[in-house]
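Here's the structure, in structure tokens; my notes come after.
The values are calculated or read from the model by the stated rules, or taken from the named source; none is laboratory data. Because the structure is a prediction, the values reported are computed rather than measured. When we count neighbours, we look across all protein chains shown, and the Cβ atoms used for this are built from the backbone with ideal geometry, even at glycine.
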Amino acid sequence: MTATTTPKSSQDSLASVDPAVAAIIDHEAARQQNTLEMIASENHTSAAVMEACGSVMTNKYAEGYPGKRYYSGCEFHDQVEQLAIDRACELFNCKFANVQPHSGANANLAVQFALFDPGDTFAAIELSDGGHLTHGSPVNLSGKWLNPVTYNLVTDESKDDWGYLDYDSIDAVCAEHKPKVLMTGYSAYPRTIDFKKFREIADKHGCILWADVAHVAGLIAGGAHPSPFPYCDVVTTTTHKTLRGPRGGLILTNDEDLAKRFNKAVFPGTQGGPLMHIIAAKAVAFGEALKPEFKTYNAQVVKNAKRLAAELMSKGFKLASNGTDNHLVLMDLRTVDADLTGKEAALWLEKAGIIANMNTVPNETRSPFKTSGVRLGTPALTTRGLLEDDIAQVATLIDQAVRSKGDQAVIAEVNKDVLALCERFPMG
Ligand code: PLP
């Protein structure tokens, strides 16, 4: 079947149909051009990914899976979903993929629905130590309807591995609570995850091993972080962070029985019709990530983060775990100013044109609404083309903004330099 005519209304540009929304989107494009995006979980997708997101694929209901839909007319949706599945499996070197989760949280919910009965125990890390809300926070379904038990980071600051995962504590928590599932994967952990070690602990205590690699998925795909396969039973991720795809989620496994359970748990368990335009965009992003350039990109993401860490430490900032192995850096502000909160620092950075987020840090003493830290990441700046020496300049600007004490004149000076840097790296 080929398309013959296109309805007139879909040919009209957004600017003529809805100038109000078009203007807002234009302003957002300008904001992205004129600021340095350093939120570790964000990125700039390619024009091809955005084209698929904005395509006619959005118009279709395609409940079910390729070849087994509840609606007619899904020929091309089957093709694009199968392509996304095949590319995801090739990218992560595994056998089964579900590309339908609307987000990382939805992927995690589906896995929890598939694996747990209400009240079941699982082990994960605290939100304040770098975990995610869906890993057992009391305000999330995972914390209300399940029984999370938590393991720790190394807390002794005199030790070389301060701020690293404390594998002895993981082993001890599993020995004490015998969780059904052991979870790894984090939102604010700057170090490499040892999946093999997790497997050994999971085997010792009879746990299913689940990695939520939302943050490092791109690094894994690009060979800049070890793979969770073959060690993990299930892997979830978002597709929009280091992986540089559209906003969305993904579930991966090598186990056929688990794959069937996850498919049922996504649809009809926790979702309705899949977002087929987003699945098309996921296929595009996975295709991009399979190219050799994606390896180069991810290697640069890590080089840039390491340089950022080194520069910030040389300026007197303390970083969680004293550095980074991946794409993110977690600044503990208490060493430069005991009264400075992450909330204030993120605000001053934003006024200077550097976009970051306040974040809790190891041994946190403040609430998540204030925090003692700022999380920074290099995926978006690396997409934009910044290299290590440019990142060193960014570190100087961060230092100036964070130490400005909110002085508007200082912040305005920093912003001038930020704008000059942004101009050197125009958005694609
Ligand atoms: N898992 C981890 C480790 C995350 O960092 C995030 C988001 O930041 C999620 C899950 C949730 O992803 P989403 O915001 O797409 O629901």
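Residues of segment 246-264 being within 16 Å of the ligand (Cβ to nearest atom) and crowded, with 19+ Cβ neighbours inside 10 Å, which ones?
If the condition is that a residue be within 16 Å of the ligand (Cβ to nearest atom) and crowded, with 19+ Cβ neighbours inside 10 Å, then Pro246, Gly248, Gly249, Leu250, Ile251, Leu252, Phe262 are the ones that fit.
Consider Ala380 carefully, then state whether it is in the same structural domain as Pro226 (by TED's automatic domain parsing) and either assigned to a helix (DSSP H, G or I) or surrounded by fewer than 18 Cβ atoms within 10 Å (Cβ to Cβ) (or both). No; evaluated as a whole, the condition is false for this residue.
What tally of residues in segment 76-104 results from selecting those that are under 21 Å from Ala211 (Cα atoms) and either among the aliphatic types (A, V, I, L, M) or not in a loop (DSSP other than H, G, I, E, B) (or both)?
Count: 14.
Inspection of segment 348-362 identifies at least one residue that is at pLDDT 95 or above, within 19 Å of the chain's Cα centre (by Cα) and not in a strand (DSSP E or B). Let me spell it out: the conditions are (1) touching a Cys at 6+ places or on another chain (Cβ under 9 Å); (2) of a type in the set (Val, Ile, Thr); (3) surrounded by fewer than 23 Cβ atoms within 10 Å (Cβ to Cβ), and Thr296 meets all of them except one. Which number is the exception? Evaluating Thr296 over (1) touching a Cys at 6+ places or on another chain (Cβ under 9 Å); (2) of a type in the set (Val, Ile, Thr); (3) surrounded by fewer than 23 Cβ atoms within 10 Å (Cβ to Cβ) leaves (1) as the failure. Meeting the requirement of 2 or more residues that are more than 26 Å from His102 (Cβ to Cβ), the strands (runs of 3 or more DSSP E) wholly within segment 133-218 are 147-151.
Given the structure, is Tyr186 in contact with a Lys or Arg (Cβ under 6 Å, 6 or more places away or on another chain) and either modelled with pLDDT under 95 or closer than 22 Å to Lys306 by Cβ (or both)? Here the answer is no, as Tyr186 does not meet what is asked.
Out of Pro118, Pro66, one residue alone is surrounded by fewer than 16 Cβ atoms within 10 Å (Cβ to Cβ), more than 25 Å from Pro379 (Cβ to Cβ) and away from the ligand (no atom under 16 Å from the Cβ). It is Pro118.
Against the condition at pLDDT below 95 and on the phi > 0 side of the Ramachandran plot, how does Gly130 come out, does it pass? When the stated conditions are applied, Gly130 passes them. Within segment 219-248, the residues that satisfy the criterion of being more than 17 Å from Lys303 (Cα to Cα) and outside any loop (DSSP other than H, G, I, E, B) are Val234, Val235, Thr236, Thr237, Thr238.
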